[in-house]
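Below is one structure, written out as structure tokens; the observations come after it.
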Amino acid sequence: MTIFARITVFLEMIKFSHTIFALPFALTGALLAARGIPPAEKLFWIVMAMVGARTAAMGLNRLIDAEIDGRNPRTSGRAIPAGLLGKGTVGAFIILSVFLLLYAAARLNPLCLRLSPVAIFFLGLYSYCKRFTSLAHLVLGLCLGAAPVGAWLAIRGELSAPPVILGVAVLFWVAGFDILYALQDLEFDRSAGLHSIPVRLGVSGSLRLSRIFSVIMVALLLVVHLLLQPGPFFLAGIVLAAALLAYEQWLLRDGDLSRLDLAFFTMNGYISIIIFAATLLAVLTGGLR
């Protein structure tokens with residue numbers, strides 16, 4: 001394949017479109033930190049750091065899990081087990097992505113650069129979690145929850161309660177929908193001796209825990225609203241996100257996974273964009289000053 005074809009296959013392999021889950025929350029963190037529109041250069045390097053981090057994380061996941069993916073009927077068509085990309089090629093993309101993350105962090109501020117190895121550690125840890133713990137969903141949530149926290153640090157160079165609470169909200173949101181996503185591999189994970197919350201709790205228990213995590217996410221967003229007082233648009237965004245979370249849970253209420261794509265990708269993509277849009281409206285209307 002040409003290099004362009006390889007890049008296209010790689011982007012499909014790492015589900016680049018799923019960047020929509022974390023990137024809007026990173027931008028939300030930047031807007032809240034600046035209490036306005038941050039400088040364009042800062043926004044650019046925040047986006048570059050996000051792209052580098054997520055690309056490296058997903059590339060590592062596909063590389064580390066290549067043998068498992070090859071045995072799972074649902075994932076056997078992925079690029080590495082299907083022979084579309086070699087492990088060396090994927091490794092090269094991962095290295096480039098890590099360098100992008102480090103360079104972007106250096107351009108933001110020294111604190112971001114110092115903390116970037118911590119981010120890289122957890123990004124790599126996630127891929128191994130299913131081998132020894134059912135808490136992989138929470139580790140994934142931690143990785144994506146770092147997005148608004150990192151963006152806040154990039155703008156202010158210091159930490160405070162609001163971005164941490166927002167990050168924890170993202171953690172529970174991601175863990176909640178990742179539990180739903182993992183339901184489709186329940187039987188394979190059991191047979192392969194892998195760990196997940198669906199393996200541990202079964203379908204009904206997983207659905208209940210996912211609902212609890214969704215409630216926690218909404219509650220934490222309300223705490224952020226109380227702390228920062230960003231105005232009615234932000235509150236309206238929380239209400240709309242809560243409604244979408246409720247609809248997501250309703251779609252899978254009986255464990256029917258035929259509606260998983262709608263519940264997993266579409267609803268959660270809308271949720272991240274809605275929170276960002278609500279924050280942007282709060283900024284543009286003077287709710288954040």
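Could you check the spin-label model distance between Phe188 and Val203? Points 7 Å from the Cα along Cα→Cβ, value in nm.
For Phe188 paired with Val203, the spin-label model returns 1.8 nm.
Pick from Pro24, Pro232, Pro73: which is most flexible by mean-square fluctuation in a GNM of the chain where alpha carbon atoms under 10 Å apart are linked?
Answer for the Gaussian network model of the chain: Pro73.
Helix-only estimate, please: 222 nm mean residue ellipticity of the chain, summing -39500 (n - 2.57) across DSSP H runs of length 4 or more and dividing by its residues, to the nearest 500.
When only DSSP H runs of four or more count, the value is -25500 deg cm²/dmol.
Compute the distance in nm between two label points, each set 7 Å from the Cα along the Cα-to-Cβ direction, one at Ala243 and one at Leu222.
1.7 nm
Computed FRET efficiency, Cβ-Cβ of Leu159 and Tyr103, R0 35 Å: what is it to the nearest 0.05?
Once the sixth-power term is evaluated, E becomes 0.95.
Between Ala53, Ala219, Ala92, find the one with the highest GNM mean-square fluctuation for the chain; connect C-alpha pairs within less than 10 Å.
Ala92
Just report the Cα centroid separation between the stretch 50-104 and the stretch 133-184, whole Å.
When both Cα centres are located, 21 Å separates them.
Once the Cα atoms of the stretch 18-284 are picked out, what are the Rg and Dmax in Å?
18.4, 53
Pick out, from Phe276, Gly287, Phe44, the residue whose Cα sits farthest towards the positive end of the charge dipole of the chain, with +1 on the Cβ of Lys and Arg and -1 on the Cβ of Asp and Glu.
Phe44
I'd like to compare 246-257, 142-153: which one has the highest average count of other Cβ atoms within 10 Å, and what's the full order after that?
142-153, 246-257
Let me see the P(r) profile for the stretch 129-248: every Cα-Cα distance counted, bins of 10 Å, each bin given as a percent of all pairs.
14, 38, 30, 15, 3, 0
Which trypsin sites (Lys or Arg not before Pro) in the stretch 94-136 sit in a loop by DSSP (not H, G, I, E or B) and have at most 14 other Cβ atoms within 10 Å of their own Cβ?
Passing both the DSSP loop test and the Cβ count: Arg131.
What is the gain in length, in nm to one decimal, between Ala236 and Ala277 on full extension, counting 0.36 nm per residue of separation less the C-alpha to C-alpha distance?
Once the chain is fully extended between Ala236 and Ala277, it gains 13.7 nm.
For Cα pairs less than 8 Å apart in space and 6+ apart in sequence, what is the mean separation divided by the residue count of the chain, i.e. the relative contact order in percent?
22 percent
Any read-out appearing in this document is the output of simple, stated calculations on the displayed coordinates, not a laboratory observation. Owing to the predicted nature of the structure, the values given are computational and were not obtained by experimental measurement. Neighbour counts are summed over all protein chains in view; Cβ atoms, including those assigned to glycine, are modelled from backbone coordinates with ideal geometry.
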